[in-house]
1. Do you know which residues across the stretch 203-237 are part of a loop (DSSP other than H, G, I, E, B) and of a type in the set (D, E)?
2. Select, from L130, L153, L181, L147, the only residue that is at pLDDT 95 or above, within 30 Å of G4 (Cα to Cα) and of a type outside the set (D, E, K, R).
3. Please state which of the following conditions F54 fails to meet, knowing it meets all the rest: (1) within 16 Å of the chain's Cα centre (by Cα); (2) within 28 Å of N308 (Cα to Cα); (3) surrounded by 21 or more Cβ atoms within 10 Å (Cβ to Cβ).
4. Can you list the helices (runs of 4 or more DSSP H) lying wholly within the stretch 238-340 that have 3 or more residues being within 16 Å of the ligand (Cβ to nearest atom) and farther than 19 Å from A59 by Cα?
5. I'd like the residue in the stretch 1-39 that is of a type in the set (D, E, K, R) and surrounded by 14 or more Cβ atoms within 10 Å (Cβ to Cβ) and, out of all such residues, is farthest from the chain's Cα centre (by Cα).
6. Just to be sure before I move on: is V9 outside any helix (DSSP H, G or I), on the phi < 0 side of the Ramachandran plot and of a type in the set (V, I, T) in the structure I sent?
7. If you go through the stretch 145-183 one residue at a time, how many are in contact (Cβ under 8 Å) with a residue 60 or more places away in the chain, surrounded by fewer than 24 Cβ atoms within 10 Å (Cβ to Cβ) and of a type outside the set (A, V, I, L, M, F, W, C)?
8. So which residues in the stretch 68-113 are part of a loop (DSSP other than H, G, I, E, B) and under 18 Å from E126 (Cβ atoms), if there are any at all?
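The values are calculated or read from the model by the stated rules, or taken from the named source; none is laboratory data. Just so it is clear, the structure is predicted and the values come from calculations on it, not from any experiment. FYI the Cβ positions are ideal-geometry reconstructions off the backbone, even for glycines, and counts take in every protein chain you see.
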Amino acid sequence: MDGGTLNAVARALVAPGKGILAADESSGTIERRFKSIGVESTEDRRRAYREMLFTTRGAAEFVSGVILYDETIRQTGSDGRQLVQVLADEGVIPGIKVDKGTKPLAKAPGELVTEGLDGLRERLAEYRGLGAQFAKWRAVITIGEGLPSQYCLGVNAQALARYAALCQEEGLVPIVEPEVLMDGPHSIERCYEVTRDTLQTVFDELYRQRVSLPEMLLKPNMVLSGTENATQASVDQVAEATIACFRDVVPAAVPGIVFLSGGQSDELATAHLDAMNRRGPHPWELSFSYGRALQAPSLKAWGGSDTNAGAGQAAYLHRARMNGLARFGRYEAALEKEKVAV
Ligand code: 13P
């Protein structure tokens, strides 16, 4: 695929008013999410839940793309269409998680490295054949005493860049996701520092490995106070710190920054994105690629039962709509009460 097409896909994913649904939970993660609502994770339940999200009428107005898991991209929905086709028929761009998760990093206690490069070129070609137009690879960086090490930042950045270069060769837009975890007692200043160092290391490697910046998206954490810090930064402080950090290290050639929610509450994740977009215009689109922050209320409303699918869809559509407004800096907390039926 030529570069112009990849740039067009990247830009479509961050079209005004739209963002991405991350529905690419691995089998272990979706099992934990289902357990939280007392539902056993079977293949059919996972299919039913995701089909409910993907068939929500009106969601495509706010959701440009969906990141799928390997199982989902091969699944057929209840009407006989492939789930990937269900999305494509709505004009939603299908994407795929291609990393194989994290493992402890050798000789670096407490740090992780993401695996999945072996055979990646062939897997990317297969996923493209199955309809994926973009991919995702998540690296995880932990803040702790003396952590992260530059060693950890380096190996994760190198893997992210190898993945991104392969994606572009195979005609997929890479979403480059270095996630600095929000867990811990650290301050927002420490998060700023680690996020800046992480991104600087990642962009160094992307450059070295010839990755084309207009043909990728960045999926980072926001700059936040650690979850166990008694002082929690305000929405305005988070917006200011996050924008300052990204202006420092993210080249303007990157079309969009699509934040992960990382464990923030759904409404706070929306408020933060909104506060950032109110401070625009920025060199890049500032959008969302939320998992939990788009799905949590929907998962709860569904509760594992098809009879609650309407309530699950209404909850999902509402969060999608709120985040769509946040893309323009037009979200108001008062709108949270205006849920519309699907
Ligand atoms: P959260 O928004 O729940 O952090 O998930 C986004 C994601 O894709 C993490 O890899």
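1. E228, the sole residue that qualifies.
2. Of L130, L153, L181, L147, the one residue that is at pLDDT 95 or above, within 30 Å of G4 (Cα to Cα) and of a type outside the set (D, E, K, R) is L130.
3. (1)
4. The helices (runs of 4 or more DSSP H) meeting that bar are 266-278.
5. Per the criteria, the residue is E31.
6. no
7. Qualifying residue count for the region: 4.
8. Selection gives Y69, R74, Q75, V98, D99, K100.
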